[in-house]
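Enquirer: This is the structure I have questions about; it appears just below.
The values are calculated or read from the model by the stated rules, or taken from the named source; none is laboratory data. All values reported here derive from a predicted model rather than from experimental measurement. Virtual Cβ from ideal backbone geometry, glycine too; neighbours counted across all protein chains shown. Surface areas here come from the heavy atoms of the whole protein model, side chains and all, with no ligands, DNA or RNA. Shrake-Rupley method; radii C 1.70, N 1.55, O 1.52, S 1.80 Å.
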Amino acid sequence: MSHFDVETLAAGRWRNGGGATREIVSRPEGAEAFEWRASIADIDRGGPFSEFPGVDRTLTLLAGDGVRLTSTGVFDRLLARPGEPFAFSGDLALSAELPGGACRVLNIMVRRGRGAARVERVAGPVVPPVGHAGVLHVLRGRWRTEADGHVMTAGQGVWWDGVDDAPGGAVVPLSPDADALWADVAPVG
């Protein structure tokens, strides 16, 4: 397992100036056509969302008053509650509005046909399945990785690759208020 802290990840500004992305992991590393990718996005202002043809996305609000995603004729969805994942096709032309100002989201992207992501809010131990990739992002409380005893708090987490024979044991909550997002990326085919 590899550890991360959102605040120490390099932030890359968007071409349209509407926000910045902090990449947690992209696999294969450095490949333009990633198989899966996890990042944190700070959305500063509304506007068009980048299209990712052939990619399935899951966006989860982490902080702020929300983001309204609209795809004309397909959906109009306000993500207003932190920790609730919303899955959609990266093929869609989307626009985003920020009714309450800037916000932060977790963005999981998986190349269709190569993997499938399931993002859920968890408060109990997470045991990554063998052969799956994934990310655990701490929302609240304290968590520990059993493999190395590393303790994590809000804004920190771990990721692992699907090529690992054993991802390194469970990630367990240490405090009663422990709350996290787990993105499980399963192989397809």
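Enquirer: Kindly state which strands (runs of 3 or more DSSP E) lie completely within region 81-133 and contain at least 3 residues that are surrounded by 15 or more Cβ atoms within 10 Å (Cβ to Cβ) and at pLDDT 95 or above.
Expert: On the way: elements: 85-89, 94-97, 103-111, 115-122.
So the answer is 85-89, 103-111, 115-122.
Enquirer: Here's something else I'd like to know. Looking only at region 66-75, how many residues end up being loosely packed, with under 14 Cβ neighbours inside 10 Å and in a loop (DSSP other than H, G, I, E, B)? Steps first, answer last, please.
Expert: Of all residues in region 66-75, those loosely packed, with under 14 Cβ neighbours inside 10 Å come to 72-75.
Within this subset, residues satisfying the condition of being in a loop (DSSP other than H, G, I, E, B) are 72-74.
The number of residues fulfilling the criteria is 3.
Enquirer: Continuing with the same structure: Given the conditions (1) aliphatic (A, V, I, L, M); (2) surrounded by 16 or more Cβ atoms within 10 Å (Cβ to Cβ); (3) within 18 Å of the chain's Cα centre (by Cα), which single one is not true for LEU78?
Expert: For LEU78, the failing item is (2).
Enquirer: For region 135-184, name all the residues that are among the polar types (S, T, N, Q), over 11 Å from HIS3 (Cα atoms) and open to solvent by 30 Å² or more (accessible area, probe 1.4 Å). Before the answer, list the steps.
Expert: So in region 135-184, the residues among the polar types (S, T, N, Q) come out as 145, 153, 156, 175.
After this cut, where a residue has to be over 11 Å from HIS3 (Cα atoms) as well, the list is 153, 175.
Within region 135-184, just THR153 meets the criteria.
Enquirer: Only residues that are in contact with a strand residue (DSSP E or B) (Cβ under 8 Å, 6 or more places away or on another chain) and among the polar types (S, T, N, Q): list them for region 45-63, please. Steps first, please.
Expert: At the first step, the residues of region 45-63 found to be in contact with a strand residue (DSSP E or B) (Cβ under 8 Å, 6 or more places away or on another chain) are 45-49, 51-52, 54-63.
Result: THR58, THR60.
Enquirer: Now for a different question. Could you list, in sequence order, all residues of region 1-56 that are over 24 Å from GLN156 (Cβ atoms), surrounded by fewer than 18 Cβ atoms within 10 Å (Cβ to Cβ) and of a type in the set (Val, Ile, Thr)?
Expert: Residues satisfying the conditions do not exist here.
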